[in-house]
Every structure is written in structure tokens, then in C-alpha cells.
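J.: Mind having a look at this structure? Questions to follow.
Since every read-out is calculated from the coordinates, none of them should be taken as a lab result. Bear in mind the structure is a predicted one, so any value in this text is a computation, not a measurement. Positions of Cβ are backbone-derived with ideal geometry, glycine not excepted, and every protein chain shown enters the neighbour counts.
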């Protein structure tokens with residue numbers, strides 16, 4: 001296990017957080033994964049906080065898992081066969097980490113580079129492992145200087161950082177701290193999702209239970225906006241190509257999309273289910 005401390009930090013995190021489990025899953029992004037972990041282990045202001053990292057390598061062919069084990073021997077690397085995708089990998093990492101009952105769980109994307117104060121700020125937002133508060137890092141796209149991921153408001157817009165934590169309706173889980181109390185109440189990501197929608201669903205589930213979601217008032221990390229998503233919206237493709245793209249695990253596959261809307265869209269959930277298909281058929 002790796003422990004991070006800073007003797008020079010003027011402000012330390014709450015002493016009630018003693019151990020935080022960091023959860024990641026990866027697939028063929030060795031350089032990004034290695035840099036992500038380097039930034040994680042460069043966090044400051046954490047006092048004696050212990051960080052326990054679990055990484056699921058979902059069948060990478062570029063040697064990611066071996067490279068992580070060589071450079072970061074304290075990281076627990078679990079192997080998948082390529083079928084887990086993000087949600088499956090995160091559930092496996094979460095199940096493994098939960099065996100040691102840490103004070104909190106940091107969900108972290110391996111393409112997200114944290115700023116030195118990120119984890120400490122999220123712990124200050126959550127306050128205590130017993131608080132029913134999820135802390136969400138606001139993430140900036142370094143190529144555009146615009147917000148790329150983070151807390152999501154009720155109007156489905158990103159919660160732009162304004163210097164103070166903001167109440168949100170749900171979140172993108174590029175970097176999210178889930179305290180022990182929240183995990184004990186609502187568990188981990190829902191088993192109905194392979195890749196997309198699982199983090200947004202978790203946020204909605206938390207809010208239905210009265211759990212607060214607070215996004216950071218400053219940017220705590222960097223990650224370019226993923227422009228590879230949403231191919232089904234590309235009107236230069238044929239309708240058949242768009243329908244096929246819609247079923248990609250990283251898009252809105254039918255069974256998972258129905259489950260997401262049934263759980264989160266209220267009485268209009270049947271319309272929400274068919275709306276992408278109608279949009280494609282109408283050429284919109």
C-alpha cells in the first residue's frame with residue numbers, strides 16, 4: 001500500500017479520513033494510465049492519509065498492467081479479459097477494495113490528471129467518512145480551457161466552478177469521492193451497465209436517497225473532452241450506421257438505455273427510450 005504525506009502543507013485534510021481506496025480501470029492507454037498514477041501519488045496536504053489503489057486492467061495488449069506493477073508496486077492490479085468495460089471494471093475494483101473497509105472510495109478515470117490539491121479538496125468537501133456527501137472534482141479540458149467533466153445540474157448542464165462547492169443532480173465520475181457512509185447505504189455502481197450511464201445513474205440514485213452531491217468550486221484536474229462518443233448523432237452517416245453505433249457499449253445500447261430511463265426518467269421513460277431511435281429515423 002502507498003502512503004502519501006506532505007510535511008510542508010499549511011492545511012491538512014480532516015483526520016477522520018485515514019484510508020481512501022482509489023479505483024481505476026484501464027484498457028490500452030499505458031502512457032495515460034502511468035501519468036494518471038504519477039499525478040495521484042503527487043498529491044499534497046494529506047497528512048498521514050493512506051491511499052490504497054486498485055487498478056483493473058481489462059485485457060490491455062500494451063503492457064499497462066505490467067508497467068504499473070513495475071513502477072507502482074503498491075498498486076493492486078487485477079486482470080480482466082476485455083469484456084468488463086468501464087462499469088464492469090470499476091465494480092470489480094470496488095468489490096476488491098471494499099474488503100478492507102476504507103473510509104472512502106475515489107473513482108478516478110485513467111485519462112484524468114489530478115492537480116496536487118485535488119484529493120485534499122474533495123475530502124474537505126465530504127468532511128467525514130460518515131457524512132452523506134459525495135465530492136465531485138470539476139475537470140477542465142487543457143486544450144480549450146473549458147470545463148469537460150464534473151458535477152451535472154438538474155438542467156443537464158455542467159456545474160461551472162465559481163469558487164464554492166455547488167449542489168448537483170448527478171455527475172461524471174472522472175474523479176469522485178464516495179465516503180464510507182454513502183457506500184454502506186447505496187452500494188456501488190448498478191450492475192445493469194457495462195460502460196456508459198453507470199456514473200450518472202449512481203448520482204441520481206444517491207439524490208433519490210437524500211445524499212448531497214457537491215462539485216468543487218475550482219478545477220481539480222485535467223481531461224480532454226472525449227469527442228469519440230456520440231457517433232450515433234453524426235448525420236453524415238447512414239441511418240443503419242447510426243443505429244449500429246447506438247448499440248456500441250460506449251453509447252446507448254438498448255437494454256442498458258431502457259434500464260437507465262426506467263430508473264431515472266420518471267413517467268416519460270418510455271419516450272426517452274425510443275427518442276434516439278426516432279431521431280435517427282427522422283434524420284435528425
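J.: May I ask what percent, to the nearest 5, of DSSP beta bridges between residues of the chain are antiparallel?
T.: Restricted to the chain, the bridges split so that about 45 percent are antiparallel.
J.: Distance from a point 7 Å along Cα→Cβ of residue 154 to each backbone N in region 184-216: keep the residues under 20 Å and list them by number.
T.: From region 184-216, the list is 200-216.
J.: Using only the alpha-carbon atoms, how far is helix 198-208 inclined from the longest principal axis of the chain? Give it as 0 to 90 degrees, nearest 10.
T.: 80
J.: Which distance in Å, rounded to a whole number, links the C-alpha centroids of region 168-240 and region 75-89?
T.: Cα centres, region 168-240 to region 75-89: 18 Å.
J.: In percent, how large is the relative contact order of the chain, given Cα pairs closer than 8 Å and 6 or more residues apart?
T.: The value is 18 percent.
J.: Let me ask something else. For Cα extents along the principal axes in Å, several values are listed as (i) 61, 41, 37; (ii) 79, 57, 35; (iii) 51, 40, 36; flag the one computed from this structure.
T.: The value computed from this structure is option (i).
J.: Which whole-number percentage describes the relative contact order of region 113-190, with Cα contacts under 8 Å and a sequence gap of 6 or more?
T.: 33
J.: A further question follows. Quick one: among 50, 180, 71, which has the greatest mean-square fluctuation in a GNM of the chain with alpha-carbon springs under 10 angstrom?
T.: 71
J.: Taking springs between alpha-carbon atoms closer than 10 angstrom, which of 82, 104, 150 fluctuates most in the Gaussian network model of the chain?
T.: 82
J.: Per DSSP H run of at least 4 residues, take -39500 (n - 2.57); add these up for the chain, divide by its residues and hand me the 222 nm value, nearest 500 deg cm²/dmol.
T.: Helices in the chain give a 222 nm mean residue ellipticity of -9500 deg cm²/dmol.
J.: Mind giving me the nanometre distance, one decimal, between the label points for residue 218 and residue 70, set 7 Å out from Cα along Cα→Cβ?
T.: Modelled inter-label distance: 3.7 nm.
J.: Report the residue, chosen from 107, 78, 40, that carries the largest GNM mean-square fluctuation when the chain is represented by alpha-carbon nodes joined by springs under 10 Å.
T.: Looking only at 107, 78, 40, the largest GNM fluctuation is found for 78.
J.: Let me ask something additional. Rounded to the nearest 10 degrees, what's the angle between the helix 269-281 long axis and the longest principal axis of the chain, both from Cα atoms, 0 to 90?
T.: That helix lies at roughly 60 degrees to the long axis.
J.: While we're looking at this one, here's another question. Among bridges DSSP assigns within region 1-155, what percent are antiparallel (round to 5)?
T.: If we restrict to bridges inside region 1-155, about 25 percent are antiparallel.
J.: Give me the angle, in degrees from 0 to 90, between the Cα long axis of helix 85-98 and the longest principal axis of the Cα atoms of the chain, rounded to the nearest 10.
T.: Result, in degrees: 30.
J.: Turning to a different aspect of this structure: Relative contact order (percent) for region 231-281, with alpha-carbon contacts under 8 angstrom and 6 or more residues of separation?
T.: Details: 37 pairs, mean separation 16.4, N = 51.
With pairs under 8 Å counted, the relative contact order is 32 percent.
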